[in-house]
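Visitor: Okay, handing you the structure first.
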Amino acid sequence: MIRRTNMAVFQVVIVLVTVVGAWQVSDIIEDSSQTGTLVVTDSNDRLHRFSDKPERVVLTNTYAASVMRMLDIDNSVIVGVSGDFSDEQLWPELSRKDIVQQSAHSEIDFESLLDTRPEIYIVFATNGMVDTNAIRDKLEPVGVKVLALDFYKYDSLKREIGVLAEIFGKQNEAAELFSEFDQIEGIVSERVSSLEISERPSVVIEHHASLVRDPVVLTGTSQWTDLVYMAGGDNVFAGLPGHTTHVDMEEILNANPDVLMFDGIVFDIGFNSYDDEGRCSTHFDYIAERAGFDHMEAVNNGRMAIMSGEFAGPMMIHGLPTLAKIMHPELFSDVDADSFLNDYFSKYHGVERVGKFVCSP
């Protein structure tokens, strides 16, 4: 009986020591994640403290990686990526990094992620297909800072770039980049700022979800609305709530837009992609065959465009002249819009731009 009692006491002591030890380790991790004199706020309004530049970063979307290149941040700090970096021509060094998930929108392999021993994990802040809060719940208790930054909204792009610049000490590079942004925006603004409302083409921007269901349009809070306005157009559905929303076909017919744009993320266009299967043409035929669309201005005048996913990311400013030329071909006939895209890839990615970036009828 005495032996059994001693054994029970011993087991209780072991459990208590284990619990106290785990609590102390957790407390240390929590304290260490909140120390540091450098404080930044991400796009979920979360504060993050840093005592030094991170040396182990995991990111799973190419937008964040592009910004790191634009700021000349050494990509040797990146220890984990997603399958979105499979293009060895554009991402020769990152395509060989450890993969922690198949794409930016897929399930995370947390075991693989933690094997990379990251200090920070950069994730989308407001993308509806990424549950940022759930990711925080899993990673922050073990000391991984979850930094939520989108890099696909014009109204927050500079601020988000500034966050990475602060963390990695690249404020001068950010200032030079913003100066370049201002210069490109100025070229476009100079030509469209004096336009009357009646001179601005009405634009409907359809989400790629429209390929498999009734129309889904991008609204005023989407990344495209600001860019379309800066390029001299007006998003017909800017006043609707949400980032994207379903509309009846009749609403588009009644709007009779001057321009129909389509989010090209799911099309095989963009860097090193050429729409080899002709899906752009098939899509335009499908749109033209919608009931009543044969009377639409945009369809009859061939003013439809599918724009690659790069235009909706940190390349958006360099892509602004391309968009402006779609909105106002007569105002920008002398502007070499492709040159801005070429400069973006040569200057920040160190490669020649190849691929089909815009589809039109």
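Just so you know, all these numbers are worked out from the coordinates, no wet-lab data involved. Computed from a predicted model, the values in this text were never measured in an experiment. Virtual Cβ from ideal backbone geometry, glycine too; neighbours counted across all protein chains shown.
Visitor: State, to one decimal in nm, how far the label point of Thr245 lies from the label point of Glu289, with both points 7 Å from Cα in the Cβ direction.
Guide: 3.1 nm
Visitor: Among Val146, Val212, Val58, which one shows the biggest mean-square fluctuation in a GNM of the chain, springs joining Cα atoms closer than 10 Å?
Guide: Taking springs between Cα atoms under 10 Å, the residue moving most is Val212.
Visitor: Multiplying the sequence separation of Thr126 and Phe178 by 0.36 nm and subtracting their Cα-Cα distance, what value in nm do you get?
Guide: 16.4 nm
Visitor: For the residues Leu164, Leu323, what sequence is obtained by ranking on other C-beta atoms within 10 Å, fewest first?
Guide: Taking fewest neighbouring Cβ atoms as first place, the list is Leu164, Leu323.
Visitor: May I ask you to evaluate 6.51 cos²θ - 1.76 cosθ + 1.60, the Karplus curve with θ = phi - 60°, for each residue of the stretch 155-168 and list the ³J(HN,Hα) values in order in whole Hz, giving x for glycine and proline?
Guide: Residue by residue, the stretch 155-168 yields 5, 10, 4, 5, 5, 5, 4, x, 5, 5, 4, 5, 5, 9 Hz.
Visitor: Hey, another quick one. Highest GNM mean-square fluctuation, the chain, Cα pairs closer than 10 Å: which of Ser179, Ser339, Ser198?
Guide: Evaluated over the chain, the most mobile residue of the options is Ser198.
Visitor: Right, here's the next one. List the lysines whose Cα sits under 18 Å from the Cα of Lys145, skipping any in the same chain fewer than 8 residues away.
Guide: Reachable lysines: Lys53.
Visitor: Hey, another quick one. Would you work out the charge dipole size for the chain about its Cα centre, treating the Cβ of every Lys and Arg as +1 and the Cβ of every Asp and Glu as -1, and quote it to the nearest 20 debye?
Guide: Computed charge dipole of the chain: roughly 1480 debye.
Visitor: So what J values fall out for the stretch 318-331 if you push phi through Karplus, 6.51 cos²θ - 1.76 cosθ + 1.60 with θ = phi - 60°, rounded to Hz, Gly and Pro as x?
Guide: With the stated coefficients, the stretch 318-331 comes to 5, x, 4, x, 5, 5, 5, 5, 6, 6, 9, x, 6, 6 Hz.
Visitor: What 222 nm value per residue comes from the helices of the chain, counting each DSSP H run with n ≥ 4 as -39,500 (n - 2.57) and dividing by all residues, nearest 500 deg cm²/dmol?
Guide: -11500 deg cm²/dmol
Visitor: Something else: Using the Karplus equation 6.51 cos²θ - 1.76 cosθ + 1.60 (θ = phi - 60°), what ³J(HN,Hα) coupling, rounded to whole Hz, does each residue of the stretch 102-114 give in order, writing x for Gly and Pro?
Guide: Couplings: 6, 8, 5, 10, 8, 5, 8, 8, 5, 5, 5, 4, 5 Hz.
Visitor: I would also like to ask the following. Using the basic label-point model (7 angstrom from Cα toward the beta carbon), what is the Ser339 to Lys158 distance in nanometres?
Guide: 2.4 nm
Visitor: Using a Förster radius of 56 Å, what is the FRET efficiency between Lys53 and Ala209 based on their Cβ-Cβ separation? Nearest 0.05, please.
Guide: 0.90
Visitor: Relative to a virtual label point 7 Å from the Cα of Val354 in the Cα→beta-carbon direction, which members of the stretch 269-302 show backbone nitrogen distances below 12 Å?
Guide: Counting backbone N atoms under 12 Å from the label point, the list is 271-274.
Visitor: Over the stretch 27-169, what relative contact order in percent results from Cα pairs under 8 Å that are six or more residues apart?
Guide: 28 percent
Visitor: While we're on this one: Over what distance in Å are the Cα centres of the stretch 284-310 and the stretch 41-92 separated?
Guide: 37 Å
Visitor: Using +1 at the C-beta of Lys and Arg and -1 at the C-beta of Asp and Glu, which of Gly239, Ser86, Leu114 has the Cα lying farthest in the positive direction of the dipole of the chain?
Guide: With unit charges placed on the Cβ atoms, the residue in question is Leu114.
Visitor: Turning to a different aspect of this structure: Considering the chain as a Gaussian network with a 10 Å cut-off on Cα pairs, which listed residue, Glu111, Glu310, Glu173, attains the greatest mean-square fluctuation?
Guide: Highest fluctuation of the listed residues: Glu111.
Visitor: Which FRET efficiency value, to the nearest 0.05, do you get for Arg96 and Glu190 by plugging their Cβ-Cβ distance into 1/(1 + (r/R0)^6) with R0 = 45 Å?
Guide: The pair Arg96/Glu190 has a calculated efficiency of 0.55.
Visitor: Let me ask something else about it. Only bridges whose two residues both fall in the chain count here: according to DSSP, what percent of them are antiparallel, nearest 5?
Guide: For the chain, the DSSP antiparallel bridge percentage is about 40.
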